[in-house]
1. Can you find even one residue in the range 258-267 that is out of contact with any Lys or Arg (no Cβ under 9 Å at 6 or more places or on another chain), of a type in the set (Lys, Arg) and either at pLDDT below 95 or within 30 Å of Ala409 (Cα to Cα) (or both)?
2. Mind listing whichever residues of the range 260-306 are in a loop (DSSP other than H, G, I, E, B) and without any contact (Cβ under 8 Å) to a residue 40 or more places away in the chain?
3. Could you run through the range 209-229 and say how many residues are out of contact with any Phe, Trp or Tyr (no Cβ under 9 Å at 6 or more places or on another chain) and part of a loop (DSSP other than H, G, I, E, B)?
4. I'm trying to understand the selection: among the residues of the range 241-259, which are assigned to a loop (DSSP other than H, G, I, E, B) and of a type outside the set (Gly, Ala, Ser)?
5. Would you please list the contacts, defined by Cβ atoms under 9 Å and residues six or more apart or on different chains, that run from a residue in the range 18-31 that is closer than 15 Å to Ser63 by Cβ and of a type outside the set (Gly, Ala, Ser) to a residue that is surrounded by fewer than 23 Cβ atoms within 10 Å (Cβ to Cβ) and modelled with pLDDT of 95 or more?
6. Out of the residues in the range 211-246 that are of a type in the set (Val, Ile, Thr) and more than 16 Å from Ile180 (Cα to Cα), state the one that is modelled with the highest pLDDT.
7. In the range 349-361, how many residues are under 26 Å from the mean Cα position of the chain (by Cα) and touching a residue at least 12 places away in the same chain (Cβ under 8 Å)?
8. For the range 307-330, which positions are outside any helix (DSSP H, G or I) and buried (at least 18 other Cβ atoms within 10 Å of the Cβ)?
Amino acid sequence: MIHRALPLALALLASPLTAQQAAEDAQAYLDRIAAIDDDGPELNAVITVNPGAVEDARSAEASGGLLRGRTVLIKDNIETRELPTTAGSLALADNRTGRDASLITNLRAAGGVVLGKTNLSEWANIRDNNSTSGWSAVGGLTRNPHAIDRNACGSSSGSGAAVAAELAWAAIGTETNGSITCPASVNGVVGFKPSVGVVSRTHVVPISSTQDTAGPMARSVADAALLLSAIAGRDALDSATLVGPGRSDFHTGLENFSLEGVRIGVMRNQIGNRQDLKDIFETVVTDLESGGATLVDIEFEPNGEMYGASFTVLMFELREEMGKYLTSLPGDDKPRSLADLIAFNKDNEDSEMRWFGQDLFELAEASTNREEYEEARATALRIAGEETLDKLMEEHDVAFLIAPTREPAWTSDLVNGDNFNGSIGFGSPAAIAGYPHLTVPMGSIEGLPVGLSIFGAKWRDFEVLQLGAAYERVRRAYLPKPSLKPWSPIETIAE
(Lines give C-alpha, C1' and ligand atoms only; values in the text may rest on other atoms or scores of the structure.)
Protein backbone atom coordinates (compact mmCIF):
# COMPACT_ATOMS: atom_id res chain seq x y z
CA MET A 1 0.00 0.00 0.00
CA ILE A 2 1.40 3.41 -0.99
CA HIS A 3 1.05 5.74 1.95
CA ARG A 4 0.45 8.86 -0.19
CA ALA A 5 -2.25 7.25 -2.36
CA LEU A 6 -5.02 9.34 -0.77
CA PRO A 7 -8.05 11.05 -2.26
CA LEU A 8 -7.25 14.72 -2.76
CA ALA A 9 -9.74 15.83 -0.12
CA LEU A 10 -7.82 13.78 2.45
CA ALA A 11 -4.38 14.59 1.08
CA LEU A 12 -5.00 18.31 1.47
CA LEU A 13 -5.70 17.81 5.17
CA ALA A 14 -2.37 16.09 5.66
CA SER A 15 0.99 17.84 5.85
CA PRO A 16 2.33 18.94 2.43
CA LEU A 17 4.78 16.59 0.77
CA THR A 18 8.43 17.39 1.15
CA ALA A 19 10.83 16.77 -1.70
CA GLN A 20 12.15 13.73 0.15
CA GLN A 21 8.64 12.33 0.64
CA ALA A 22 7.83 12.83 -3.05
CA ALA A 23 10.99 10.91 -3.96
CA GLU A 24 10.13 8.15 -1.49
CA ASP A 25 6.64 7.84 -2.93
CA ALA A 26 8.02 7.55 -6.45
CA GLN A 27 10.41 4.81 -5.33
CA ALA A 28 7.61 2.99 -3.51
CA TYR A 29 5.51 2.97 -6.68
CA LEU A 30 8.46 1.68 -8.72
CA ASP A 31 8.98 -1.09 -6.15
CA ARG A 32 5.30 -2.01 -6.34
CA ILE A 33 5.45 -2.15 -10.14
CA ALA A 34 8.41 -4.55 -9.89
CA ALA A 35 6.63 -6.68 -7.29
CA ILE A 36 3.19 -7.16 -8.84
CA ASP A 37 3.36 -5.95 -12.43
CA ASP A 38 6.67 -7.45 -13.53
CA ASP A 39 6.59 -10.27 -10.97
CA GLY A 40 3.94 -11.91 -8.79
CA PRO A 41 0.58 -11.82 -10.60
CA GLU A 42 2.30 -10.10 -13.57
CA LEU A 43 -0.43 -7.59 -14.40
CA ASN A 44 1.38 -6.36 -17.53
CA ALA A 45 -0.13 -2.93 -16.94
CA VAL A 46 3.18 -1.07 -17.27
CA ILE A 47 5.40 -1.40 -20.34
CA THR A 48 8.37 0.60 -19.10
CA VAL A 49 9.34 2.91 -16.24
CA ASN A 50 11.19 6.20 -16.17
CA PRO A 51 14.63 5.56 -14.61
CA GLY A 52 14.79 9.20 -13.53
CA ALA A 53 11.39 9.25 -11.83
CA VAL A 54 12.70 9.46 -8.25
CA GLU A 55 14.86 12.49 -8.92
CA ASP A 56 12.12 14.01 -11.08
CA ALA A 57 9.74 13.71 -8.13
CA ARG A 58 12.24 15.31 -5.78
CA SER A 59 12.85 18.29 -8.05
CA ALA A 60 9.17 18.65 -9.07
CA GLU A 61 8.04 18.93 -5.46
CA ALA A 62 10.82 21.34 -4.65
CA SER A 63 9.83 23.63 -7.52
CA GLY A 64 6.16 23.69 -6.49
CA GLY A 65 3.30 23.45 -8.95
CA LEU A 66 -0.18 22.03 -8.76
CA LEU A 67 0.86 18.37 -8.50
CA ARG A 68 4.01 18.83 -6.39
CA GLY A 69 5.79 15.62 -7.36
CA ARG A 70 2.79 13.32 -7.79
CA THR A 71 3.52 10.35 -10.06
CA VAL A 72 1.55 9.67 -13.24
CA LEU A 73 1.67 6.70 -15.60
CA ILE A 74 1.19 7.58 -19.28
CA LYS A 75 -0.57 5.47 -21.91
CA ASP A 76 2.01 4.38 -24.44
CA ASN A 77 0.48 6.24 -27.35
CA ILE A 78 1.38 9.60 -25.76
CA GLU A 79 4.90 10.88 -26.38
CA THR A 80 7.29 11.55 -23.51
CA ARG A 81 10.82 12.67 -24.19
CA GLU A 82 12.60 10.07 -22.05
CA LEU A 83 10.77 6.90 -23.20
CA PRO A 84 9.73 5.24 -26.48
CA THR A 85 6.16 5.69 -27.68
CA THR A 86 5.03 2.44 -29.27
CA ALA A 87 1.20 2.38 -29.35
CA GLY A 88 1.83 -1.27 -28.42
CA SER A 89 3.19 -2.15 -31.87
CA LEU A 90 6.58 -3.59 -32.73
CA ALA A 91 6.55 -1.22 -35.72
CA LEU A 92 7.25 1.61 -33.26
CA ALA A 93 9.28 -0.37 -30.70
CA ASP A 94 12.21 2.06 -31.04
CA ASN A 95 10.15 5.21 -31.47
CA ARG A 96 12.20 7.56 -29.28
CA THR A 97 11.13 10.97 -30.53
CA GLY A 98 12.73 13.05 -27.76
CA ARG A 99 9.48 15.04 -27.71
CA ASP A 100 6.83 15.64 -25.10
CA ALA A 101 3.19 15.68 -26.10
CA SER A 102 1.72 19.09 -25.28
CA LEU A 103 -0.29 17.56 -22.43
CA ILE A 104 2.95 16.15 -20.97
CA THR A 105 4.58 19.58 -21.19
CA ASN A 106 1.63 20.88 -19.16
CA LEU A 107 1.92 17.96 -16.72
CA ARG A 108 5.59 18.66 -16.01
CA ALA A 109 4.97 22.41 -15.67
CA ALA A 110 2.37 21.58 -13.01
CA GLY A 111 4.85 19.47 -11.04
CA GLY A 112 3.70 16.09 -12.30
CA VAL A 113 6.16 13.22 -12.70
CA VAL A 114 6.19 10.77 -15.60
CA LEU A 115 6.55 7.45 -13.78
CA GLY A 116 6.40 5.26 -16.88
CA LYS A 117 4.30 4.06 -19.81
CA THR A 118 1.23 1.83 -19.61
CA ASN A 119 0.19 -1.04 -21.81
CA LEU A 120 -2.81 -0.67 -24.12
CA SER A 121 -4.84 -2.39 -26.77
CA GLU A 122 -2.47 -2.20 -29.73
CA TRP A 123 -3.10 0.87 -31.89
CA ALA A 124 -5.84 1.82 -29.41
CA ASN A 125 -7.94 -1.16 -30.53
CA ILE A 126 -8.51 0.04 -34.10
CA ARG A 127 -6.56 -2.67 -35.95
CA ASP A 128 -9.12 -5.47 -36.17
CA ASN A 129 -12.73 -6.25 -35.27
CA ASN A 130 -11.81 -9.51 -33.47
CA SER A 131 -9.15 -8.14 -31.15
CA THR A 132 -8.78 -8.88 -27.45
CA SER A 133 -8.80 -5.67 -25.42
CA GLY A 134 -5.65 -5.02 -23.44
CA TRP A 135 -3.30 -7.00 -25.71
CA SER A 136 -0.36 -5.52 -27.55
CA ALA A 137 2.64 -7.11 -29.21
CA VAL A 138 4.94 -4.94 -27.08
CA GLY A 139 3.25 -5.38 -23.70
CA GLY A 140 1.33 -8.65 -23.89
CA LEU A 141 -2.08 -9.02 -22.25
CA THR A 142 -3.04 -6.64 -19.43
CA ARG A 143 -4.67 -8.40 -16.48
CA ASN A 144 -7.47 -6.97 -14.37
CA PRO A 145 -6.21 -6.60 -10.75
CA HIS A 146 -9.65 -7.57 -9.39
CA ALA A 147 -9.47 -10.92 -11.21
CA ILE A 148 -6.33 -11.56 -13.22
CA ASP A 149 -8.06 -13.97 -15.58
CA ARG A 150 -10.54 -11.20 -16.48
CA ASN A 151 -10.19 -8.47 -19.08
CA ALA A 152 -9.06 -4.94 -18.24
CA CYS A 153 -10.98 -3.55 -21.25
CA GLY A 154 -9.45 -1.25 -23.80
CA SER A 155 -7.77 0.57 -25.07
CA SER A 156 -6.48 2.31 -21.92
CA SER A 157 -6.32 -1.07 -20.19
CA GLY A 158 -2.91 -0.58 -18.62
CA SER A 159 -3.82 2.84 -17.24
CA GLY A 160 -6.99 1.51 -15.61
CA ALA A 161 -5.34 -1.60 -14.19
CA ALA A 162 -2.35 0.38 -12.91
CA VAL A 163 -4.50 2.87 -11.01
CA ALA A 164 -6.60 0.06 -9.50
CA ALA A 165 -3.46 -1.78 -8.38
CA GLU A 166 -1.96 1.44 -6.93
CA LEU A 167 1.04 1.45 -9.24
CA ALA A 168 0.97 5.27 -9.40
CA TRP A 169 -0.98 8.19 -7.97
CA ALA A 170 -2.92 8.43 -11.26
CA ALA A 171 -2.67 7.70 -14.96
CA ILE A 172 -3.54 9.21 -18.32
CA GLY A 173 -5.54 7.31 -20.92
CA THR A 174 -6.94 8.19 -24.32
CA GLU A 175 -10.37 7.62 -25.78
CA THR A 176 -11.99 7.58 -29.19
CA ASN A 177 -15.08 5.66 -28.10
CA GLY A 178 -15.03 4.01 -24.66
CA SER A 179 -11.28 3.60 -24.24
CA ILE A 180 -11.05 5.55 -20.96
CA THR A 181 -14.48 4.85 -19.51
CA CYS A 182 -14.66 1.08 -20.10
CA PRO A 183 -11.28 0.22 -18.50
CA ALA A 184 -12.03 2.61 -15.64
CA SER A 185 -15.37 0.92 -15.02
CA VAL A 186 -14.19 -2.71 -15.08
CA ASN A 187 -11.08 -1.92 -13.01
CA GLY A 188 -13.08 -0.02 -10.40
CA VAL A 189 -11.53 3.43 -10.81
CA VAL A 190 -12.61 6.90 -11.93
CA GLY A 191 -12.15 7.75 -15.60
CA PHE A 192 -12.96 11.03 -17.31
CA LYS A 193 -13.26 11.58 -21.05
CA PRO A 194 -13.30 15.37 -21.37
CA SER A 195 -14.94 17.37 -24.11
CA VAL A 196 -12.81 17.12 -27.25
CA GLY A 197 -10.67 20.25 -27.15
CA VAL A 198 -10.05 20.43 -23.41
CA VAL A 199 -6.76 18.48 -23.74
CA SER A 200 -4.35 18.76 -26.67
CA ARG A 201 -3.72 15.78 -28.96
CA THR A 202 -0.36 17.03 -30.32
CA HIS A 203 2.19 14.17 -30.39
CA VAL A 204 -0.41 11.57 -29.42
CA VAL A 205 -0.69 8.59 -31.79
CA PRO A 206 -4.06 9.27 -33.44
CA ILE A 207 -7.17 7.57 -34.68
CA SER A 208 -9.63 10.41 -35.20
CA SER A 209 -9.28 14.19 -35.21
CA THR A 210 -13.03 14.33 -34.50
CA GLN A 211 -13.24 12.02 -31.49
CA ASP A 212 -9.77 11.51 -29.95
CA THR A 213 -8.96 12.94 -26.53
CA ALA A 214 -6.72 12.16 -23.58
CA GLY A 215 -8.09 12.16 -20.05
CA PRO A 216 -7.32 11.32 -16.42
CA MET A 217 -7.82 8.02 -14.59
CA ALA A 218 -7.59 8.06 -10.79
CA ARG A 219 -8.96 6.63 -7.56
CA SER A 220 -11.25 9.58 -6.83
CA VAL A 221 -13.05 12.26 -8.78
CA ALA A 222 -11.03 14.90 -6.94
CA ASP A 223 -7.74 13.36 -8.08
CA ALA A 224 -9.03 13.03 -11.67
CA ALA A 225 -10.07 16.69 -11.64
CA LEU A 226 -6.69 17.75 -10.26
CA LEU A 227 -4.88 15.83 -13.01
CA LEU A 228 -7.18 17.30 -15.65
CA SER A 229 -6.34 20.79 -14.41
CA ALA A 230 -2.66 19.94 -14.88
CA ILE A 231 -2.90 18.65 -18.46
CA ALA A 232 -5.66 20.83 -19.97
CA GLY A 233 -4.93 23.93 -22.02
CA ARG A 234 -4.92 25.56 -25.41
CA ASP A 235 -2.40 24.46 -28.04
CA ALA A 236 -1.83 26.32 -31.29
CA LEU A 237 -0.98 22.99 -32.95
CA ASP A 238 -4.39 21.48 -32.09
CA SER A 239 -7.22 23.62 -33.43
CA ALA A 240 -9.83 21.76 -31.33
CA THR A 241 -8.35 23.35 -28.20
CA LEU A 242 -8.84 26.89 -29.55
CA VAL A 243 -12.64 26.91 -29.85
CA GLY A 244 -13.76 26.09 -26.30
CA PRO A 245 -13.75 28.14 -23.11
CA GLY A 246 -10.13 27.20 -22.37
CA ARG A 247 -10.85 26.40 -18.75
CA SER A 248 -7.94 24.90 -16.82
CA ASP A 249 -9.31 24.85 -13.27
CA PHE A 250 -11.35 21.72 -12.75
CA HIS A 251 -10.41 20.82 -9.18
CA THR A 252 -11.46 23.75 -7.01
CA GLY A 253 -15.05 23.96 -5.82
CA LEU A 254 -15.96 20.29 -6.28
CA GLU A 255 -16.96 20.10 -2.64
CA ASN A 256 -19.36 23.05 -2.97
CA PHE A 257 -21.75 21.31 -5.36
CA SER A 258 -25.11 20.35 -3.84
CA LEU A 259 -27.42 17.68 -5.23
CA GLU A 260 -30.42 19.60 -3.92
CA GLY A 261 -32.76 20.33 -6.83
CA VAL A 262 -30.44 18.93 -9.51
CA ARG A 263 -32.42 17.19 -12.27
CA ILE A 264 -30.77 14.03 -13.66
CA GLY A 265 -32.02 11.94 -16.56
CA VAL A 266 -32.00 8.15 -16.07
CA MET A 267 -31.40 6.32 -19.38
CA ARG A 268 -33.70 3.35 -18.72
CA ASN A 269 -33.18 1.63 -22.09
CA GLN A 270 -29.41 1.68 -21.59
CA ILE A 271 -29.35 -0.05 -18.19
CA GLY A 272 -29.12 -3.43 -19.90
CA ASN A 273 -30.57 -6.88 -19.38
CA ARG A 274 -28.76 -8.00 -16.21
CA GLN A 275 -30.87 -7.92 -13.06
CA ASP A 276 -27.83 -7.73 -10.77
CA LEU A 277 -26.62 -4.62 -12.58
CA LYS A 278 -30.11 -3.12 -12.51
CA ASP A 279 -30.23 -3.63 -8.74
CA ILE A 280 -26.92 -1.80 -8.25
CA PHE A 281 -28.05 1.03 -10.50
CA GLU A 282 -31.29 1.44 -8.55
CA THR A 283 -29.19 1.93 -5.42
CA VAL A 284 -27.39 4.74 -7.26
CA VAL A 285 -30.75 6.35 -8.05
CA THR A 286 -31.78 6.08 -4.39
CA ASP A 287 -28.46 7.53 -3.20
CA LEU A 288 -28.78 10.53 -5.52
CA GLU A 289 -32.37 11.10 -4.47
CA SER A 290 -31.34 10.94 -0.81
CA GLY A 291 -28.97 13.82 -1.52
CA GLY A 292 -31.80 15.94 -2.90
CA ALA A 293 -31.56 15.27 -6.64
CA THR A 294 -34.62 14.76 -8.84
CA LEU A 295 -34.32 11.68 -11.06
CA VAL A 296 -36.24 11.70 -14.36
CA ASP A 297 -36.81 8.43 -16.23
CA ILE A 298 -36.02 8.64 -19.96
CA GLU A 299 -36.95 6.03 -22.55
CA PHE A 300 -34.81 6.52 -25.64
CA GLU A 301 -33.13 4.58 -28.43
CA PRO A 302 -30.41 6.36 -30.46
CA ASN A 303 -30.75 6.79 -34.20
CA GLY A 304 -28.74 3.88 -35.61
CA GLU A 305 -27.54 6.02 -38.53
CA MET A 306 -25.15 7.67 -36.04
CA TYR A 307 -23.06 4.51 -35.64
CA GLY A 308 -22.57 3.90 -39.35
CA ALA A 309 -21.69 7.53 -39.97
CA SER A 310 -19.19 7.53 -37.12
CA PHE A 311 -17.54 4.38 -38.44
CA THR A 312 -17.09 6.02 -41.83
CA VAL A 313 -15.49 9.00 -40.08
CA LEU A 314 -13.08 6.81 -38.10
CA MET A 315 -11.93 4.85 -41.12
CA PHE A 316 -11.23 7.95 -43.20
CA GLU A 317 -9.55 9.87 -40.40
CA LEU A 318 -7.45 6.90 -39.29
CA ARG A 319 -5.65 6.77 -42.65
CA GLU A 320 -5.17 10.53 -42.82
CA GLU A 321 -4.23 11.22 -39.20
CA MET A 322 -1.95 8.21 -38.86
CA GLY A 323 -0.09 9.29 -41.99
CA LYS A 324 0.41 12.80 -40.58
CA TYR A 325 1.68 11.44 -37.29
CA LEU A 326 4.08 8.91 -38.78
CA THR A 327 5.46 11.49 -41.20
CA SER A 328 6.30 13.72 -38.23
CA LEU A 329 8.53 11.14 -36.53
CA PRO A 330 12.25 11.87 -36.44
CA GLY A 331 14.65 9.34 -37.94
CA ASP A 332 14.99 7.49 -41.23
CA ASP A 333 13.77 4.03 -40.26
CA LYS A 334 10.15 4.72 -39.29
CA PRO A 335 6.91 3.71 -41.04
CA ARG A 336 5.42 6.75 -42.76
CA SER A 337 1.89 5.70 -43.61
CA LEU A 338 -0.91 3.33 -42.66
CA ALA A 339 0.10 1.28 -45.70
CA ASP A 340 3.57 0.88 -44.15
CA LEU A 341 2.01 -0.42 -40.94
CA ILE A 342 -0.10 -2.92 -42.86
CA ALA A 343 3.01 -4.15 -44.67
CA PHE A 344 4.95 -4.40 -41.40
CA ASN A 345 2.23 -6.54 -39.84
CA LYS A 346 2.24 -8.88 -42.82
CA ASP A 347 6.03 -9.18 -42.64
CA ASN A 348 5.84 -9.88 -38.90
CA GLU A 349 2.70 -11.99 -38.90
CA ASP A 350 3.83 -14.47 -36.23
CA SER A 351 4.44 -11.79 -33.59
CA GLU A 352 1.84 -9.22 -34.62
CA MET A 353 -1.08 -11.23 -36.01
CA ARG A 354 -1.07 -14.54 -34.17
CA TRP A 355 -4.30 -13.69 -32.31
CA PHE A 356 -6.13 -11.37 -34.71
CA GLY A 357 -5.65 -9.63 -38.02
CA GLN A 358 -5.88 -6.09 -39.37
CA ASP A 359 -9.19 -5.84 -41.22
CA LEU A 360 -9.88 -2.33 -39.91
CA PHE A 361 -6.45 -1.09 -40.99
CA GLU A 362 -7.08 -2.45 -44.46
CA LEU A 363 -10.56 -0.95 -44.64
CA ALA A 364 -9.21 2.42 -43.51
CA GLU A 365 -6.48 2.32 -46.13
CA ALA A 366 -9.20 1.96 -48.79
CA SER A 367 -11.36 4.76 -47.33
CA THR A 368 -10.49 7.70 -49.58
CA ASN A 369 -13.84 9.28 -50.49
CA ARG A 370 -13.66 12.75 -48.90
CA GLU A 371 -17.15 13.80 -49.93
CA GLU A 372 -18.62 10.69 -48.29
CA TYR A 373 -16.49 11.34 -45.20
CA GLU A 374 -17.54 14.97 -44.81
CA GLU A 375 -21.21 14.05 -45.15
CA ALA A 376 -20.81 11.24 -42.59
CA ARG A 377 -19.01 13.53 -40.15
CA ALA A 378 -21.77 16.13 -40.31
CA THR A 379 -24.39 13.40 -39.83
CA ALA A 380 -22.62 11.76 -36.88
CA LEU A 381 -22.04 15.04 -35.03
CA ARG A 382 -25.59 16.23 -35.62
CA ILE A 383 -27.28 13.04 -34.45
CA ALA A 384 -24.99 12.42 -31.46
CA GLY A 385 -24.95 15.99 -30.21
CA GLU A 386 -27.92 18.09 -31.30
CA GLU A 387 -30.45 15.27 -31.83
CA THR A 388 -29.45 13.03 -28.91
CA LEU A 389 -27.63 14.55 -25.93
CA ASP A 390 -28.76 18.16 -26.38
CA LYS A 391 -32.33 17.17 -27.21
CA LEU A 392 -32.68 14.77 -24.29
CA MET A 393 -31.41 17.27 -21.75
CA GLU A 394 -33.58 20.07 -23.13
CA GLU A 395 -36.82 18.10 -23.58
CA HIS A 396 -36.62 16.51 -20.13
CA ASP A 397 -35.23 19.63 -18.44
CA VAL A 398 -32.26 17.77 -16.98
CA ALA A 399 -28.66 18.92 -16.53
CA PHE A 400 -27.11 15.45 -16.68
CA LEU A 401 -27.78 11.94 -17.95
CA ILE A 402 -26.74 8.72 -16.19
CA ALA A 403 -26.48 5.03 -17.09
CA PRO A 404 -24.29 2.05 -16.17
CA THR A 405 -20.96 2.25 -17.98
CA ARG A 406 -20.41 -1.43 -18.84
CA GLU A 407 -21.00 -4.93 -17.58
CA PRO A 408 -18.47 -6.58 -15.22
CA ALA A 409 -15.17 -7.71 -16.72
CA TRP A 410 -15.39 -10.78 -18.95
CA THR A 411 -12.86 -13.61 -19.12
CA SER A 412 -9.93 -12.74 -21.38
CA ASP A 413 -9.83 -14.94 -24.46
CA LEU A 414 -7.11 -14.36 -27.05
CA VAL A 415 -8.56 -17.06 -29.29
CA ASN A 416 -12.13 -15.73 -29.55
CA GLY A 417 -11.65 -12.06 -28.71
CA ASP A 418 -13.79 -9.78 -26.56
CA ASN A 419 -17.25 -10.53 -25.19
CA PHE A 420 -19.10 -7.22 -24.86
CA ASN A 421 -22.71 -6.93 -23.69
CA GLY A 422 -24.15 -4.45 -26.18
CA SER A 423 -27.30 -3.77 -24.15
CA ILE A 424 -25.42 -1.81 -21.46
CA GLY A 425 -24.20 1.77 -21.61
CA PHE A 426 -24.70 5.07 -23.39
CA GLY A 427 -21.14 6.18 -24.09
CA SER A 428 -21.18 6.37 -27.88
CA PRO A 429 -23.16 9.62 -28.30
CA ALA A 430 -20.77 11.48 -25.98
CA ALA A 431 -17.74 9.98 -27.72
CA ILE A 432 -19.02 10.80 -31.21
CA ALA A 433 -20.18 14.33 -30.34
CA GLY A 434 -17.09 15.10 -28.24
CA TYR A 435 -19.06 15.70 -25.02
CA PRO A 436 -17.81 14.93 -21.48
CA HIS A 437 -18.29 11.46 -19.98
CA LEU A 438 -17.30 10.53 -16.43
CA THR A 439 -17.40 7.05 -14.94
CA VAL A 440 -17.33 6.53 -11.15
CA PRO A 441 -17.36 3.17 -9.30
CA MET A 442 -20.90 2.31 -8.16
CA GLY A 443 -20.46 -1.19 -6.75
CA SER A 444 -19.56 -4.72 -7.81
CA ILE A 445 -21.02 -7.99 -9.05
CA GLU A 446 -19.37 -11.11 -7.61
CA GLY A 447 -16.33 -9.03 -6.71
CA LEU A 448 -16.07 -7.44 -10.17
CA PRO A 449 -16.42 -3.62 -10.30
CA VAL A 450 -19.05 -1.76 -12.31
CA GLY A 451 -19.18 1.97 -12.97
CA LEU A 452 -21.75 4.75 -13.20
CA SER A 453 -21.60 6.98 -16.29
CA ILE A 454 -22.44 10.67 -16.01
CA PHE A 455 -22.93 12.77 -19.16
CA GLY A 456 -23.29 16.50 -19.63
CA ALA A 457 -23.42 19.09 -22.38
CA LYS A 458 -20.40 20.13 -24.43
CA TRP A 459 -17.85 22.08 -22.35
CA ARG A 460 -19.73 21.32 -19.11
CA ASP A 461 -16.81 19.21 -17.92
CA PHE A 462 -16.51 20.89 -14.54
CA GLU A 463 -20.19 20.41 -13.76
CA VAL A 464 -19.96 16.71 -14.67
CA LEU A 465 -17.00 16.35 -12.31
CA GLN A 466 -18.94 18.19 -9.61
CA LEU A 467 -21.82 15.71 -9.89
CA GLY A 468 -19.38 12.80 -9.78
CA ALA A 469 -17.80 14.11 -6.58
CA ALA A 470 -21.26 14.68 -5.07
CA TYR A 471 -22.23 11.10 -5.93
CA GLU A 472 -19.09 9.81 -4.18
CA ARG A 473 -20.23 11.61 -1.03
CA VAL A 474 -23.64 9.90 -0.96
CA ARG A 475 -22.56 6.50 -2.36
CA ARG A 476 -23.38 3.60 -0.01
CA ALA A 477 -22.03 0.75 -2.14
CA TYR A 478 -19.16 -1.44 -1.01
CA LEU A 479 -16.21 -1.12 -3.41
CA PRO A 480 -14.01 -4.24 -3.52
CA LYS A 481 -10.23 -4.15 -3.26
CA PRO A 482 -8.20 -5.83 -6.01
CA SER A 483 -7.53 -9.48 -5.17
CA LEU A 484 -4.57 -9.87 -7.56
CA LYS A 485 -5.82 -13.45 -8.04
CA PRO A 486 -7.97 -15.29 -10.60
CA TRP A 487 -11.71 -14.86 -10.10
CA SER A 488 -13.20 -17.28 -7.60
CA PRO A 489 -16.86 -17.46 -6.57
CA ILE A 490 -15.92 -19.16 -3.30
CA GLU A 491 -13.60 -16.36 -2.24
CA THR A 492 -16.08 -13.72 -3.38
CA ILE A 493 -18.92 -15.24 -1.34
CA ALA A 494 -16.63 -15.63 1.67
CA GLU A 495 -15.91 -11.89 1.59
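1. From the range 258-267, those out of contact with any Lys or Arg (no Cβ under 9 Å at 6 or more places or on another chain) are 258, 260-267; that's our starting set.
With of a type in the set (Lys, Arg) added as a condition, the list becomes 263.
From the residues that got through so far, the ones that are either at pLDDT below 95 or within 30 Å of Ala409 (Cα to Cα) (or both) too are none.
Scanning the range 258-267, I find no residue that is out of contact with any Lys or Arg (no Cβ under 9 Å at 6 or more places or on another chain), of a type in the set (Lys, Arg) and either at pLDDT below 95 or within 30 Å of Ala409 (Cα to Cα) (or both), so the answer is no.
2. Keep residues of the range 260-306 that are in a loop (DSSP other than H, G, I, E, B), which gives 260-262, 271-274, 291-293, 299-304.
Selection gives Glu260, Gly261, Gly292, Ala293, Glu299, Glu301, Gly304.
3. Of the residues in the range 209-229, the ones out of contact with any Phe, Trp or Tyr (no Cβ under 9 Å at 6 or more places or on another chain) are 209-214, 220, 222.
This time we only want the ones that are part of a loop (DSSP other than H, G, I, E, B), so: 209-212, 220.
Total meeting the criteria: 5.
4. Step one: of the range 241-259, the residues assigned to a loop (DSSP other than H, G, I, E, B) are 243-253, 257-259.
Scanning the range 241-259 gives Val243, Pro245, Arg247, Asp249, Phe250, His251, Thr252, Phe257, Leu259.
5. Between residues of the range 18-31 that are closer than 15 Å to Ser63 by Cβ and of a type outside the set (Gly, Ala, Ser) and residues that are surrounded by fewer than 23 Cβ atoms within 10 Å (Cβ to Cβ) and modelled with pLDDT of 95 or more, the close pairs are Gln20/Arg58.
6. Across the range 211-246, the extreme among qualifying residues is Thr241.
7. First, pick out the residues of the range 349-361 that are under 26 Å from the mean Cα position of the chain (by Cα): 352-353, 355-361.
Filter again for touching a residue at least 12 places away in the same chain (Cβ under 8 Å), leaving 352, 355-361.
Count: 8.
8. First, pick out the residues of the range 307-330 that are outside any helix (DSSP H, G or I): 329-330.
Within the range 307-330, Leu329 is the sole residue that qualifies.
The values are calculated or read from the model by the stated rules, or taken from the named source; none is laboratory data. Since the model is a prediction, treat every value here as computed from it, not as a measurement. Positions of Cβ are generated from backbone atoms using ideal geometry, with glycine treated the same way; all protein chains shown enter the neighbour counts.
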